Amino acid sequence: MAEMSKTKKILACIASLTLVLCVGYFSVMSPTSAWFYDSGVIDSGDSFVFGSLSVNSRFVSDKSVSFEAATDFTDENEIFFDDMVHTDTVNVSNAGNIPARVYIDVKNVGESKGLRWFAYTDSVLVDSSVKKTLKNVLDSLDDNGLSSYNIGADSNSGWYVLLQPGQSEQIKIATWIQYDDVKNELQKNNSLSGYDVEITMTATQDIDGAMQR
């Protein structure tokens with residue numbers, strides 16, 4: 001009996017020590033990386049509200065878009081570019097308690113050609129012009145510069161909006177049809193209607209590498 005009592009005391013000591021070590025470990029972890037929960041995303045079509053971040057805090061909006069004409073964002077002399085751009089606005093709110101980045105991705109999920117996109121907020125808009133803003137923020141006014149801005153060299157970074165806890169912002173997504181990609185179709189009098197566009201927004205922690213497209 002004495003031997004059994006001694007064993008129980010040893011096990012109790014080990015359990016207590018393990019508990020202390022666990023509590024100590026989690027107490028020194030960064031508050032931005034300690035826990036992940038489902039975000040409780042609210043998608044009402046034009047709003048993205050997220051709380052505690054998870055790996056998949058995402059907003060997805062599917063749209064069918066028709067364009068009046070194709071255009072060329074690489075042509076600095078194209079004066080009608082802004083008239084051909086379609087713009088969607090999504091209201092984004094950080095209802096959580098840590099800073100968060102919101103990344104954007106836009107895909108053409110149909111067979112139509114030539115879709116390009118550019119995400120921004122009014123704070124970076126130059127003279128109310130998407131074209132002037134593109135010229136101001138892109139490293140180069142071409143597809144490489146646009147891709148680097150939108151999704152980064154690794155396809156998992158690029159431009160994002162940083163939201164503090166309780167902060168809201170309007171993110172605007174400009175889409176257009178690049179003329180060089182569709183000029184043959186236009187010469188056949190084909191229309192630019194029926195573009196199936198998928199807009200995805202992903203909320204991550206405010207750290208590099210958190211975004212995974």
(request) Give K131/K188; K132/K183; K131/K172; K113/K188; K63/K131; K63/K188 a once-over and call out the pairs whose C-alpha atoms are over 19 Å from each other. (result) K131/K188; K132/K183; K63/K131; K63/K188
(request) Compute the separation of the alpha-carbon centres of the stretch 153-213 and the stretch 60-94 and state it in Å as a whole number. (result) 10
(message) Cβ neighbours within 10 Å, averaged per peptide: list 85-96, 177-188 in order, most packed at the top.
(response) 85-96, 177-188
(message) Let me make sure I get this right: for the stretch 48-191, a, b and c are the square roots of the gyration tensor eigenvalues over alpha carbons, sorted descending. Under 1.5 in a/c it's rounded, otherwise prolate if a/b > b/c, else oblate. Which is it?
(response) prolate
(request) Go ahead and run the numbers for FRET between D154 and A69, Cβ-Cβ distance against an R0 of 45 Å, rounding to 0.05. (result) 0.85
(message) Between S168 and N97, what is 0.36 nm times their sequence separation minus the Cα-Cα distance? Round to one decimal in nm.
(response) 24.2 nm
(request) May I ask for the net charge around L138, where only other residues with Cβ less than 13 Å from the Cβ of L138 are counted and Lys, Arg are +1 while Asp, Glu are -1? (result) 0
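Readers should treat all values here as calculations from the given coordinates under stated rules, not as data from a laboratory. The structure presented is a predicted model; accordingly, all values stated were derived computationally and were not measured. Every residue, glycine as well, gets a Cβ built from its backbone with ideal geometry; the counts of neighbours run over all protein chains shown.
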